[in-house]
Amino acid sequence: MDKPFEIKINEDSRVPKYKQIVDSIVNDISRGKLLVGEKIPSINELSESCYLSRDTVEKAYRQLKEQKAIVSVKGKGFYTAKTDLISKVNVFFMINKLSNYKMMIYNSFVKSLGSDALVTLSVYHCEESIFIKTLEKNLGAFDYYVIMPHFKSQDSKHISTTTPVKLAIDKVPKDKLVILDNSKIDIAGNFAAVYQDFKEDIYEALQEGLERLKNYDKLVLIYPDKLVYPYPKRIVHGFQKFCAEFNFEFEVLDQIYDHMDLDSKDAFIIIEENDLVNLVRQVRKKNLVLGTDIGIISYNDTPLKDLLGINVVSTDFQAMGDQAAYLVLNNKKNQVKNVFNYIERNSI
(Lines give C-alpha, C1' and ligand atoms only; values in the text may rest on other atoms or scores of the structure.)
Protein backbone atom coordinates (compact mmCIF):
# COMPACT_ATOMS: atom_id res chain seq x y z
CA MET A 1 0.00 0.00 0.00
CA ASP A 2 1.22 3.54 -0.78
CA LYS A 3 0.09 4.95 2.57
CA PRO A 4 -0.07 3.52 6.10
CA PHE A 5 -3.13 1.43 6.91
CA GLU A 6 -4.31 1.92 10.48
CA ILE A 7 -6.94 0.07 12.48
CA LYS A 8 -7.66 1.52 15.92
CA ILE A 9 -8.46 -1.14 18.50
CA ASN A 10 -9.70 0.00 21.92
CA GLU A 11 -8.66 -2.72 24.36
CA ASP A 12 -10.91 -1.25 27.08
CA SER A 13 -14.05 -1.24 24.93
CA ARG A 14 -16.78 -3.87 25.31
CA VAL A 15 -17.33 -3.70 21.54
CA PRO A 16 -16.00 -6.96 20.05
CA LYS A 17 -12.66 -6.50 18.29
CA TYR A 18 -13.96 -7.87 15.01
CA LYS A 19 -16.72 -5.21 15.12
CA GLN A 20 -14.11 -2.51 15.81
CA ILE A 21 -12.26 -3.62 12.65
CA VAL A 22 -15.49 -3.48 10.62
CA ASP A 23 -16.42 -0.04 11.96
CA SER A 24 -12.92 1.33 11.41
CA ILE A 25 -12.77 0.25 7.76
CA VAL A 26 -16.34 1.39 7.01
CA ASN A 27 -15.66 4.79 8.59
CA ASP A 28 -12.41 5.20 6.65
CA ILE A 29 -14.22 4.45 3.38
CA SER A 30 -17.05 6.86 4.22
CA ARG A 31 -14.63 9.68 5.06
CA GLY A 32 -12.47 9.08 2.00
CA LYS A 33 -9.41 7.88 3.94
CA LEU A 34 -9.75 4.63 1.99
CA LEU A 35 -10.63 4.97 -1.68
CA VAL A 36 -12.88 2.52 -3.48
CA GLY A 37 -10.69 -0.09 -5.14
CA GLU A 38 -7.84 0.42 -2.68
CA LYS A 39 -6.02 -2.65 -1.40
CA ILE A 40 -6.13 -3.42 2.31
CA PRO A 41 -3.90 -5.80 4.32
CA SER A 42 -4.36 -9.55 4.20
CA ILE A 43 -5.86 -11.38 7.15
CA ASN A 44 -2.44 -12.51 8.32
CA GLU A 45 -0.92 -9.03 7.92
CA LEU A 46 -3.67 -7.33 9.91
CA SER A 47 -3.61 -10.07 12.53
CA GLU A 48 0.11 -9.55 13.10
CA SER A 49 0.07 -5.73 13.03
CA CYS A 50 -2.84 -5.43 15.48
CA TYR A 51 -1.86 -8.38 17.70
CA LEU A 52 -5.19 -10.06 17.05
CA SER A 53 -6.09 -13.66 16.42
CA ARG A 54 -6.50 -14.70 12.82
CA ASP A 55 -10.09 -15.81 13.60
CA THR A 56 -10.98 -12.28 14.77
CA VAL A 57 -9.73 -10.64 11.57
CA GLU A 58 -11.29 -13.36 9.42
CA LYS A 59 -14.66 -12.78 11.08
CA ALA A 60 -14.39 -9.03 10.45
CA TYR A 61 -13.47 -9.51 6.79
CA ARG A 62 -16.33 -11.98 6.36
CA GLN A 63 -18.81 -9.39 7.63
CA LEU A 64 -17.29 -6.68 5.44
CA LYS A 65 -17.67 -8.95 2.42
CA GLU A 66 -21.32 -9.64 3.35
CA GLN A 67 -21.88 -5.88 3.50
CA LYS A 68 -20.11 -5.62 0.14
CA ALA A 69 -17.70 -3.13 1.70
CA ILE A 70 -14.73 -5.19 0.47
CA VAL A 71 -14.13 -7.85 -2.15
CA SER A 72 -11.47 -10.55 -2.38
CA VAL A 73 -9.56 -11.11 -5.59
CA LYS A 74 -8.01 -14.55 -5.86
CA GLY A 75 -4.25 -14.40 -5.76
CA LYS A 76 -4.18 -10.65 -5.13
CA GLY A 77 -5.93 -9.90 -1.82
CA PHE A 78 -8.70 -7.69 -0.47
CA TYR A 79 -9.96 -4.39 -1.93
CA THR A 80 -12.50 -1.80 -0.85
CA ALA A 81 -15.67 -1.85 -2.92
CA LYS A 82 -18.56 -0.10 -1.15
CA THR A 83 -19.21 3.05 -3.17
CA ASP A 84 -22.41 3.94 -1.27
CA LEU A 85 -20.43 4.30 1.97
CA ILE A 86 -19.10 7.57 0.58
CA SER A 87 -21.82 9.52 2.34
CA LYS A 88 -22.78 13.14 2.05
CA VAL A 89 -23.32 13.39 5.81
CA ASN A 90 -21.35 11.61 8.54
CA VAL A 91 -22.90 11.78 12.00
CA PHE A 92 -21.56 10.75 15.40
CA PHE A 93 -24.57 9.90 17.59
CA MET A 94 -23.92 9.68 21.37
CA ILE A 95 -26.56 8.27 23.73
CA ASN A 96 -26.31 7.71 27.47
CA LYS A 97 -27.89 4.24 27.49
CA LEU A 98 -29.28 1.51 25.28
CA SER A 99 -33.02 1.50 25.89
CA ASN A 100 -36.11 1.10 23.74
CA TYR A 101 -36.77 4.84 24.02
CA LYS A 102 -33.27 5.91 23.00
CA MET A 103 -33.23 3.46 20.11
CA MET A 104 -36.61 4.77 18.89
CA ILE A 105 -35.00 8.20 18.64
CA TYR A 106 -31.91 6.80 16.93
CA ASN A 107 -33.87 4.68 14.45
CA SER A 108 -36.21 7.51 13.46
CA PHE A 109 -33.18 9.80 13.07
CA VAL A 110 -31.38 7.33 10.79
CA LYS A 111 -34.54 6.64 8.77
CA SER A 112 -35.25 10.36 8.29
CA LEU A 113 -31.68 11.08 7.18
CA GLY A 114 -32.02 8.50 4.44
CA SER A 115 -29.40 6.59 2.51
CA ASP A 116 -27.06 9.54 1.93
CA ALA A 117 -25.85 9.51 5.53
CA LEU A 118 -23.69 7.31 7.71
CA VAL A 119 -24.48 7.39 11.44
CA THR A 120 -22.04 6.00 14.00
CA LEU A 121 -23.67 5.11 17.33
CA SER A 122 -21.78 5.44 20.62
CA VAL A 123 -23.04 4.62 24.14
CA TYR A 124 -21.36 6.18 27.19
CA HIS A 125 -23.57 4.77 29.99
CA CYS A 126 -23.99 8.10 31.80
CA GLU A 127 -20.26 8.00 32.63
CA GLU A 128 -18.45 11.33 32.39
CA SER A 129 -15.01 9.81 31.70
CA ILE A 130 -16.26 7.55 28.89
CA PHE A 131 -18.16 10.43 27.31
CA ILE A 132 -15.19 12.83 27.34
CA LYS A 133 -12.69 10.25 26.10
CA THR A 134 -14.97 9.09 23.29
CA LEU A 135 -15.95 12.58 22.14
CA GLU A 136 -12.39 13.91 22.13
CA LYS A 137 -11.18 10.83 20.23
CA ASN A 138 -13.70 11.52 17.46
CA LEU A 139 -13.40 15.31 17.21
CA GLY A 140 -12.88 16.48 13.64
CA ALA A 141 -13.88 13.15 12.10
CA PHE A 142 -17.59 13.83 11.53
CA ASP A 143 -19.87 16.39 9.94
CA TYR A 144 -22.27 16.45 12.90
CA TYR A 145 -22.23 15.42 16.54
CA VAL A 146 -25.63 14.50 18.02
CA ILE A 147 -25.39 14.27 21.81
CA MET A 148 -27.82 13.26 24.56
CA PRO A 149 -26.33 14.67 27.78
CA HIS A 150 -27.36 12.63 30.82
CA PHE A 151 -24.82 11.84 33.55
CA LYS A 152 -24.75 10.55 37.10
CA SER A 153 -23.01 11.71 40.23
CA GLN A 154 -20.96 9.50 42.54
CA ASP A 155 -24.09 8.76 44.57
CA SER A 156 -26.02 7.80 41.38
CA LYS A 157 -28.07 10.99 41.14
CA HIS A 158 -28.92 12.44 37.74
CA ILE A 159 -26.90 15.43 36.58
CA SER A 160 -27.22 17.16 33.24
CA THR A 161 -23.58 18.09 32.86
CA THR A 162 -20.29 18.76 34.63
CA THR A 163 -17.56 21.31 34.02
CA PRO A 164 -15.31 18.75 32.20
CA VAL A 165 -18.29 17.68 30.06
CA LYS A 166 -19.08 21.28 29.13
CA LEU A 167 -15.45 21.88 28.18
CA ALA A 168 -15.46 18.76 26.00
CA ILE A 169 -18.73 19.68 24.24
CA ASP A 170 -17.47 23.23 23.77
CA LYS A 171 -14.72 21.85 21.52
CA VAL A 172 -17.34 20.75 18.99
CA PRO A 173 -17.97 23.50 16.41
CA LYS A 174 -21.44 24.85 17.16
CA ASP A 175 -22.53 24.51 13.53
CA LYS A 176 -21.87 20.76 13.87
CA LEU A 177 -23.57 20.27 17.25
CA VAL A 178 -27.09 18.93 17.90
CA ILE A 179 -28.17 18.46 21.52
CA LEU A 180 -30.99 15.96 22.09
CA ASP A 181 -33.37 15.23 24.94
CA ASN A 182 -31.74 17.35 27.68
CA SER A 183 -30.91 20.99 27.03
CA LYS A 184 -29.49 21.86 30.48
CA ILE A 185 -25.81 21.94 29.47
CA ASP A 186 -25.08 25.66 29.85
CA ILE A 187 -22.79 26.19 26.89
CA ALA A 188 -22.62 29.32 24.77
CA GLY A 189 -23.12 29.55 21.04
CA ASN A 190 -25.70 29.02 18.35
CA PHE A 191 -26.35 25.28 18.10
CA ALA A 192 -29.30 23.03 17.28
CA ALA A 193 -31.32 21.22 19.92
CA VAL A 194 -34.46 19.09 20.30
CA TYR A 195 -35.20 18.71 23.98
CA GLN A 196 -37.60 17.76 26.74
CA ASP A 197 -38.47 20.22 29.48
CA PHE A 198 -38.80 17.59 32.19
CA LYS A 199 -40.40 19.87 34.81
CA GLU A 200 -42.92 21.67 32.61
CA ASP A 201 -43.71 18.62 30.47
CA ILE A 202 -45.08 16.50 33.32
CA TYR A 203 -46.76 19.55 34.90
CA GLU A 204 -48.64 20.37 31.70
CA ALA A 205 -49.42 16.74 30.84
CA LEU A 206 -50.97 16.04 34.24
CA GLN A 207 -53.20 19.06 33.75
CA GLU A 208 -54.67 17.29 30.72
CA GLY A 209 -55.72 14.45 33.01
CA LEU A 210 -56.89 16.76 35.81
CA GLU A 211 -60.59 15.90 35.66
CA ARG A 212 -59.86 12.17 35.96
CA LEU A 213 -57.28 12.71 38.69
CA LYS A 214 -59.85 14.62 40.79
CA ASN A 215 -61.52 11.26 41.41
CA TYR A 216 -58.54 10.27 43.60
CA ASP A 217 -57.66 11.39 47.11
CA LYS A 218 -53.87 11.16 46.85
CA LEU A 219 -51.24 11.20 44.10
CA VAL A 220 -48.08 9.11 44.53
CA LEU A 221 -45.04 9.57 42.31
CA ILE A 222 -42.69 6.59 42.13
CA TYR A 223 -39.36 8.23 41.39
CA PRO A 224 -36.42 5.79 41.62
CA ASP A 225 -33.83 7.71 43.59
CA LYS A 226 -30.78 5.66 42.63
CA LEU A 227 -30.44 3.85 39.32
CA VAL A 228 -27.63 2.88 36.99
CA TYR A 229 -29.27 5.31 34.57
CA PRO A 230 -31.01 7.92 36.76
CA TYR A 231 -33.88 10.19 35.69
CA PRO A 232 -33.83 14.00 35.95
CA LYS A 233 -35.02 15.33 39.31
CA ARG A 234 -36.98 17.94 37.39
CA ILE A 235 -39.70 15.30 36.92
CA VAL A 236 -40.28 15.41 40.69
CA HIS A 237 -40.33 19.21 40.67
CA GLY A 238 -42.98 19.28 37.94
CA PHE A 239 -45.11 16.73 39.83
CA GLN A 240 -44.85 18.73 43.06
CA LYS A 241 -45.78 21.93 41.22
CA PHE A 242 -48.90 20.29 39.81
CA CYS A 243 -49.99 18.87 43.18
CA ALA A 244 -49.44 22.18 44.98
CA GLU A 245 -51.32 24.22 42.37
CA PHE A 246 -54.36 21.92 42.29
CA ASN A 247 -54.39 21.06 46.01
CA PHE A 248 -53.67 17.33 45.79
CA GLU A 249 -52.32 15.41 48.74
CA PHE A 250 -49.18 13.76 47.42
CA GLU A 251 -46.19 11.59 48.24
CA VAL A 252 -42.95 10.70 46.47
CA LEU A 253 -41.64 7.14 46.92
CA ASP A 254 -38.51 5.58 45.48
CA GLN A 255 -40.16 2.28 44.45
CA ILE A 256 -43.24 0.09 44.58
CA TYR A 257 -42.66 -2.10 47.60
CA ASP A 258 -43.87 -5.67 47.93
CA HIS A 259 -47.05 -6.01 49.99
CA MET A 260 -47.85 -2.31 49.88
CA ASP A 261 -50.76 -0.94 51.89
CA LEU A 262 -52.80 0.13 48.89
CA ASP A 263 -55.54 2.57 49.79
CA SER A 264 -58.46 2.90 47.48
CA LYS A 265 -58.49 6.19 45.63
CA ASP A 266 -54.71 6.52 45.32
CA ALA A 267 -53.35 7.38 41.86
CA PHE A 268 -49.75 6.45 41.02
CA ILE A 269 -47.44 8.08 38.50
CA ILE A 270 -44.76 5.47 37.73
CA ILE A 271 -41.47 5.90 35.89
CA GLU A 272 -39.82 2.45 35.88
CA GLU A 273 -41.53 -0.49 34.17
CA ASN A 274 -40.55 -2.90 36.96
CA ASP A 275 -42.52 -0.75 39.39
CA LEU A 276 -45.46 -0.70 36.98
CA VAL A 277 -45.51 -4.50 36.76
CA ASN A 278 -45.23 -4.85 40.54
CA LEU A 279 -48.09 -2.45 41.19
CA VAL A 280 -50.44 -3.99 38.60
CA ARG A 281 -49.73 -7.43 40.07
CA GLN A 282 -50.61 -6.21 43.59
CA VAL A 283 -53.76 -4.44 42.37
CA ARG A 284 -54.97 -7.67 40.77
CA LYS A 285 -54.05 -9.77 43.79
CA LYS A 286 -56.10 -7.51 46.09
CA ASN A 287 -59.03 -7.59 43.63
CA LEU A 288 -58.94 -3.82 43.23
CA VAL A 289 -60.25 -2.28 40.04
CA LEU A 290 -57.66 -0.42 37.99
CA GLY A 291 -59.01 2.93 36.88
CA THR A 292 -61.62 2.98 39.68
CA ASP A 293 -60.03 1.96 42.99
CA ILE A 294 -56.42 2.58 41.98
CA GLY A 295 -55.22 4.89 39.23
CA ILE A 296 -52.02 4.53 37.23
CA ILE A 297 -50.20 6.86 34.86
CA SER A 298 -46.93 5.56 33.45
CA TYR A 299 -44.00 7.65 32.21
CA ASN A 300 -42.93 7.04 28.58
CA ASP A 301 -45.17 5.10 26.24
CA THR A 302 -44.59 1.58 24.89
CA PRO A 303 -46.73 -0.79 22.79
CA LEU A 304 -47.20 -2.98 25.88
CA LYS A 305 -48.71 -0.10 27.86
CA ASP A 306 -51.05 0.55 24.97
CA LEU A 307 -52.06 -3.11 24.95
CA LEU A 308 -52.68 -3.10 28.72
CA GLY A 309 -54.67 0.15 28.57
CA ILE A 310 -52.29 2.13 30.79
CA ASN A 311 -52.51 5.93 30.70
CA VAL A 312 -49.17 7.55 29.95
CA VAL A 313 -47.36 10.86 29.87
CA SER A 314 -44.67 10.64 27.25
CA THR A 315 -42.46 12.53 24.87
CA ASP A 316 -42.78 11.58 21.21
CA PHE A 317 -39.51 9.74 20.64
CA GLN A 318 -40.01 9.30 16.92
CA ALA A 319 -40.71 13.02 16.51
CA MET A 320 -37.49 13.83 18.35
CA GLY A 321 -35.44 11.74 15.92
CA ASP A 322 -37.29 13.13 12.90
CA GLN A 323 -36.80 16.72 14.05
CA ALA A 324 -33.09 16.20 14.71
CA ALA A 325 -32.66 14.76 11.22
CA TYR A 326 -34.48 17.77 9.75
CA LEU A 327 -32.09 20.15 11.55
CA VAL A 328 -29.06 18.25 10.22
CA LEU A 329 -30.30 17.95 6.64
CA ASN A 330 -31.24 21.62 6.49
CA ASN A 331 -28.31 22.92 8.53
CA LYS A 332 -30.68 24.63 10.97
CA LYS A 333 -29.70 25.95 14.41
CA ASN A 334 -33.20 25.97 15.93
CA GLN A 335 -33.73 24.87 19.53
CA VAL A 336 -37.03 22.99 19.58
CA LYS A 337 -39.05 21.71 22.55
CA ASN A 338 -40.19 18.22 21.65
CA VAL A 339 -43.82 17.12 21.68
CA PHE A 340 -44.97 15.71 25.05
CA ASN A 341 -48.36 14.02 25.35
CA TYR A 342 -50.89 12.85 27.90
CA ILE A 343 -52.51 9.72 26.45
CA GLU A 344 -55.86 8.71 27.93
CA ARG A 345 -56.63 5.00 28.20
CA ASN A 346 -58.36 3.02 30.96
CA SER A 347 -56.14 3.19 34.05
CA ILE A 348 -57.31 6.50 35.56
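The values are calculated or read from the model by the stated rules, or taken from the named source; none is laboratory data. Predicted model only: the values in this text are computed from it and were never measured. Positions of Cβ are backbone-derived with ideal geometry, glycine not excepted, and every protein chain shown enters the neighbour counts. Remember, those area values only see protein heavy atoms, side chains included, never the ligands or the DNA or RNA. Shrake-Rupley method; radii C 1.70, N 1.55, O 1.52, S 1.80 Å.
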Bridge orientation stat for the chain from DSSP, antiparallel percent rounded to 5, came to 25 percent
Evaluate the Kirkwood expression for the hydrodynamic radius of the chain, namely the inverse of the mean inverse distance over all pairs of different C-alpha atoms, and round to one decimal in Å.
22.7 Å
Only helices counted: for the chain, with every DSSP H run of 4 or more residues adding -39500 (n - 2.57) and the sum spread over all residues, [θ] at 222 nm is -10500 deg cm²/dmol
Please report the spacing between the Cα centers of region 198-248 and region 262-325 in Å, no decimals.
13 Å
Let me know the volume per residue of the alpha-carbon convex hull for region 199-315, in Å³.
101 Å³
Given 102/184; 233/332; 19/97, which pairs have Cα atoms separated by over 24 Å?
233/332
Report, in cubic angstrom per residue, the convex hull volume of the C-alpha atoms of region 17-80.
77 Å³
Per residue, the convex hull volume that the Cα atoms of region 1-153 enclose (Å³)
124 Å³
Accessible carbon and sulfur surface of the chain relative to its total accessible area, %, 1.4 Å:
48 percent
What's the ranking of 216-222, 260-266 by average number of surrounding C-beta atoms within 10 Å, highest first?
216-222, 260-266
Return one whole number: the accessible area per residue of the chain in Å², for a 1.4 Å probe.
50 Å²
Please check: in the Gaussian network model of the chain (C-alpha springs, under 10 Å), which one of 289, 336, 91 has the largest mean-square fluctuation.
289
Cβ crowding within 10 Å averaged over residues, with 66-75, 188-197, 278-287 ranked highest first
188-197, 278-287, 66-75
At 15 Å minimum axial length over the Cα atoms and a Kyte-Doolittle cut of -1.0, report the qualifying DSSP H helices in the chain, or say none.
17-30, 100-113, 198-208, 234-245, 273-285, 317-329
What are the chymotrypsin sites (Phe, Trp or Tyr not before Pro) within region 49-146 that DSSP puts in a loop, where the Cβ has at most 11 other Cβ atoms within 10 Å?
51
